[in-house]
Amino acid sequence: MIELTLNNLENFTRGAAFLGTGGGGDPYIGKLMLKHQLEKGKIIKILSPDEINDNFLVCNVLSMGAPTVFVEKVPNGPATLHGLRKVEEIIGKKFDAVMPIEAGGVNATIPLVVSALSGLPVIDADGMGRAFPELQMVTYNVGDVDINPIVAVNDFMETAVFKARNSSSGEWLARAVCVRMGGICQMACYPMTGKQIKDTAIHNTIKLSFDIGNKIQEARNQKKDPADAVIDYMKMSNPSRFGKVLFLGKITDLLRETVNGFTKGTLRLKSLADEDELIVEFQNEFLYAKSNDKVLAMVPDLICALDSESGEPITTDGLRYGQRIKIVAISVPPVMRTKKALDLFGPKAFGLDFDYVALEDL
Amino acid sequence: MRIGVDVGGTNTDAALMDGRTVVDAVKSVTTEDPGSGIIEAVSKILDKTKILPNQLEAIMIGTTQFTNAFVENKRLEKVAVVRLGHPATISVPPCIDFSSNLRKIIGENFWILPGGYEFDGRFLGDWSEELVKKAAYEIASKGIKYIAVSCVFSPINEKQEIETAKILKKYVPEAIITMSHRIGRVGFIERENATIMNSSLGFLANKVITSFDGALKKLKIKCPFYISQNDGTLMAANIVKNYPVLTFASGPTNSMRGAAFLSGHKNAIVVDIGGTTTDFGVIKEGFPRESSIPVDIGGVRTNFRMPDLVSIGLGGGSLIEFNNNEVKVGPESVGYKLTSESLIFGGNKLTASDIAISQGLANFGDKEKISHLDEKIIIKTMQVIKQMIEEGIDRVKLNKDPVPVILVGGGNILVENNLEGAEEVIIPDYSDVANAIGASLAQAGGEIDKIYSYSDIGREKSLELAKLDAIKRAKEAGAKTETISIIELEEIPLSYLPSGAVRLHVKAVGDLF
């Protein structure tokens, strides 16, 4: 069990920003929502999957939408709780806990806000091990977990309920409503048992955020390179994960559009040392990075932008012309590289015309 | 001829410049009413150089008064925050990330009202004149004068903020209102934070600028006077009355630009030791290295463009405390009261300057007054100060390699010349007035904020036109062509307008001299 406190909050959200791989919305907003709750004396407890029994009933709660909207129209927590209560009403059962659908970005923080509002604990596991832009891009689907019922709620508590034929269709339908709800909406879906979490979710990713946040802070204090510190830490983790610095450069161009409920765009960097250029494409999260027409890293491996000096992770909405940043790539665990997993969130799933090649083979 | 003035927490300095040549410079002390300090510094330099007021073309003033006030939580006002966005945003109340002390000073006077816009320009909730009026009455009955108005998506449409401010002004006629769209860009929390900061400085801004104005009138100086902005460009003084927050990082920007100019070094670490604080920054190719992550000022997150700095509470006026062989230097400082409260000037407070004088590192005040100090404490204090500076240098360094270190600011007397991590320690001529010189080297900027149609002329063409326009305006404002560069470029798609409309904000700046 981990307890979120005003002391470890900052490291948690820093790690969540890292796992957000540029997207997932800036967890800074989530940090402020949590700070508000913790200051009111609310308790937020996080349980590891080994600490729950198989018939525990858990709901995924999240915000859907474009990060560019999120930084302006700050969401409200009661709407998310409203979504969870609606799912309970439909299935006729009460939840024992909530969990994040993704470990990165603001959605890592939303279940903790719901936890503060409801008193339910949070399960330390998620369906992405990072952030992805779409609802069906979860490892739960490798184990055929039902996404239904899907509930979407806006700030006015206007509520839409879907029973979708599959998770991709659920994403498609909910996204349309999300746009009409003003570019973001609060959601509850994928009700799961303890057994399903143990079988299909990526475990202890909240703890991973605490650890990454800690490593970056520690490296900064010790005058070491934060990017290297995270790469070293990931190498030592179990399973061991490969990482490298792809590029150090200055932002020379940034194209960012809010399209169909996503933030899509292209980031161009020019090297500080020579004439090299790096291009990174994103759809909420970074999709792939290429230099001289050679792809250097691609989904689902993690691509992260860090401030070149402090190592602070920067989300795509925080990127600005002229910034000096470091692009780091980290491999995902093997369960996210199976054929079924790559069908869900490999390059082809994002409409890219190349096959997945592991980061360490590029 | 022009005069650059720096009004710091402790000293007010003035430098007379002719093009890129320093004619002369003087130091004097900052006074409680900052205008008197300016009168003293400017008349000193005019006397010294025999220049007449009517020979001056411009006065450029850089001031850290507003930053200091905010960081020290002093001279700030209670603020009423009127936020348009309900029921969105309610989970993050205003000022949530401010320190508890700041929250106490600013007060929890918040009105989160329906209103604001969706990303596509539609209305978010129903803005209500009645509710704004009700808020106005409540603000008036609480006697709050300074009001910050924020609104979800005001960077794409400022109308609701303007309408709300009008009504507030009607029912609270004495109100001084800051609207968020005038202060910041997309990023609601950071923009609202900066708006609240600006409001909290409202009283001080009026007082300081009026005092500057009065001082120049007394000196019979009729040329235009400007205040440095955080990006190194200038702002007319009467605008600063309403937007003090826009001066926030101008102090460090001025001192770093001044240091680069005086030393001739293009790549170095600049250590600016003032009366209350010491700033550590990096110049790269002659320009201050900018921070690429949101910058905290007094613990509050903002999205201003700022030099990447490390600041510590060490300066010439820092108070020295000791017990059981442990010496503590700062962060409390006597500030501008150095010349009355420190021992060498007959006061009863032991400051870092007293220690430096006793070590013979500088010569001012009355050395007799510190002859009783224990040698051990003096040595220990010097060690602590040196250590604090070396740590600061280490924190802004990119790697462990030694780099040139330029020492500027009046407090450079606190340092003997060897520093760990420095390839060499450079104290250029006029280093104690680098800030004033930096202010006089101000840049001219050109800004455009205009809607372009990507489907008519394409993105590339639109960007090119916008940049050329900004550069043209910078030139018109006096920037030298070969020094102009684009420092800000923001694209906001306006999906509510037809034909791929995008709002482009571009700023170009270049050297005036």
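Between the helical axis of B:375-396 and the longest alpha-carbon principal axis of chain B there is an angle of about 40 degrees.
With a cut-off of 14 Å between beta carbons, the residues surrounding B:Ile38 carry a summed charge of 0, where Lys and Arg count +1 and Asp and Glu -1.
Across q = 0.04, 0.07, 0.11 Å⁻¹, the protein assembly as shown modelled as identical point scatterers on its alpha-carbon atoms has Debye log10 I(q)/I(0) values of -0.19, -0.58, -1.34, in the order of the q list.
Just the C-alpha atoms of chain A: what Rg/Rh do they give, with Rh taken as the Kirkwood radius? Before the final figure, lay out each step's value.
Values: Rg = 18.9 Å, Rh = 20.1 Å.
Result: Rg/Rh = 0.94.
Could you let me know the centre-to-centre spacing of segment B:137-195 and segment B:33-49, using Cα atoms, in angstrom? The distance from the Cα centre of segment B:137-195 to that of segment B:33-49 comes to 38 Å.
The average projected area of segment B:11-87, computed from the convex hull of its Cα atoms over all directions, is 8.6 nm².
Counting Cβ atoms of other protein chains within 10 Å of each residue's Cβ and taking the mean over peptide B:299-310 gives 1. Each Lys or Arg adds one and each Asp or Glu takes one away; over the other residues whose Cβ falls under 10 Å from the Cβ of B:Asn254, this sums to -1. Once Rh is set to the Kirkwood radius over Cα pairs, what Stokes-Einstein translational diffusion coefficient, in µm²/s, holds for segment A:1-150 at a temperature of 10 °C and a viscosity of 1.306 mPa s? Rounded, D is 103 µm²/s.
Can you give the net charge of the other residues whose Cβ lies under 10 Å from the Cβ of A:Gly119, counting K and R as +1 and D and E as -1?
Around A:Gly119, the charge tally is +2.
Ignoring aspartates and glutamates fewer than eight residues from B:Lys475 along the same chain, the ones with Cα atoms less than 19 angstrom from its Cα are B:Glu57, B:Asp231, B:Glu447, B:Asp449, B:Glu464, B:Glu488, B:Asp511.
Would you calculate, for chain A, the mean residue ellipticity at 222 nm contributed by helices, counting each DSSP H stretch of 4 or more residues as -39,500 (n - 2.57) and dividing by all residues, to the nearest 500? Kindly include the intermediate steps, with their values, before the conclusion.
On the way: 10 runs with 108 residues, N = 362.
Helices in chain A give a 222 nm mean residue ellipticity of -9000 deg cm²/dmol.
With both labels modelled 7 Å from their Cα along Cα-to-Cβ, the B:Cys223 to B:Asn418 distance reads 4.6 nm. Averaged over the residues of peptide B:145-158, the number of Cβ atoms from other protein chains lying within 10 Å of each residue's Cβ is 1. Using a cutoff of 8 angstrom between alpha carbon atoms and counting only pairs six or more residues apart, the relative contact order for segment B:1-53 works out to 29 percent.
Compared with the dominant principal axis of the Cα atoms in chain B, helix B:202-218 is inclined by about 60°.
Using 1/(1 + (r/R0)^6) with R0 = 56 angstrom and r between the beta carbons of A:Val259 and B:Lys169, what's the FRET efficiency to the nearest 0.05?
Values: r = 39 Å, r/R0 = 0.71.
Efficiency, rounded to the nearest 0.05: 0.90.
Of the chymotrypsin sites (Phe, Trp or Tyr not before Pro) found in segment A:210-304, those in coil by DSSP whose Cβ has at most 16 other Cβ atoms within 10 Å are A:Phe242.
Greater than 27 Å separation of Cα atoms is the criterion. Which listed pairs, B:Lys44/B:Lys337; A:Lys198/A:Lys339; A:Lys250/B:Lys386; A:Lys42/B:Lys142; A:Lys223/A:Lys294; B:Lys284/B:Lys450, meet it?
Numbers: B:Lys44/B:Lys337 20 Å; A:Lys198/A:Lys339 20 Å; A:Lys250/B:Lys386 34 Å; A:Lys42/B:Lys142 31 Å; A:Lys223/A:Lys294 33 Å; B:Lys284/B:Lys450 32 Å.
Table pairs above 27 Å Cα-Cα are A:Lys250/B:Lys386; A:Lys42/B:Lys142; A:Lys223/A:Lys294; B:Lys284/B:Lys450.
With each label modelled as a point 7 angstrom along the Cα→C-beta vector, the B:Lys472-B:Asn348 pair spans 6.7 nm. Taking trypsin sites (Lys or Arg not before Pro) across segment A:111-189, the ones in a DSSP loop with at most 11 further Cβ atoms lying within 10 angstrom of their Cβ are A:Arg165. For chain A, the longest principal axis of the alpha carbon atoms and the long axis of helix A:77-91 meet at an angle near 50°. Each peptide in B:449-457, B:419-427, A:10-18, B:182-190 was scored by the mean count of other Cβ atoms within 10 Å over its residues; highest first, the order is A:10-18, B:182-190, B:419-427, B:449-457. Nearest 500 deg cm²/dmol is fine: what mean residue ellipticity at 222 nm does chain B get from its DSSP H runs of n ≥ 4 alone, each adding -39,500 (n - 2.57), divided by its residue count? Mean residue ellipticity at 222 nm (helix-derived): -10000 deg cm²/dmol.
To the nearest 0.05, what FRET efficiency results for B:Asn54 and A:Leu272 with a Förster distance of 51 Å applied to their C-beta separation?
Numbers: r = 48 Å, r/R0 = 0.95.
Between B:Asn54 and A:Leu272 the formula returns 0.60.
In this simple spin-label approximation, B:Lys367 and A:Glu51 carry label points 7 Å from Cα along the Cα→Cβ vector, and these lie 6.7 nm apart.
Both the radius of gyration and Dmax for segment A:238-331 are 12.8, 38 Å, in that order, over alpha-carbon atoms.
Sorting B:369-377, A:295-303 by average packing, meaning the other beta carbons within 10 Å per residue, from highest down gives A:295-303, B:369-377. Once the Cβ-Cβ distance of B:Asn101 and B:Ala236 is raised to the sixth power relative to R0 = 45 Å, the FRET efficiency obtained is 0.85. Averaged over the residues of B:284-291, the number of partner chain Cβ atoms lying within 10 Å of the residue Cβ comes to 2.
Listed by chain and number, the lysines whose C-alpha is less than 19 Å from the C-alpha of A:Lys224, apart from same-chain residues fewer than 8 away, are A:Lys215, A:Lys235, A:Lys244, A:Lys326, B:Lys397, B:Lys400. The ranking of A:Ser167, B:Ser353, B:Ser211 by Cβ neighbour count inside 10 Å, starting from the fewest, reads B:Ser211, A:Ser167, B:Ser353.
Residue ranges B:36-42, A:197-203 sort as B:36-42, A:197-203 when ordered by packing (mean number of other C-beta atoms within 10 Å per residue, highest first).
Percent relative contact order of chain B, based on C-alpha pairs within less than 8 angstrom and at least six residues apart? Intermediate values should be presented prior to the final figure.
Numbers: 1213 pairs, mean separation 76.2, N = 513.
Rounded, it is 15 percent for chain B.
Values quoted throughout were computed directly from the atomic coordinates according to the rules given, and no laboratory measurement underlies them. In this text, all values refer to a predicted model and were calculated from it rather than measured experimentally. Here Cβ is always computed from backbone atoms with ideal geometry, including for glycine, and neighbour counts include all displayed protein chains.
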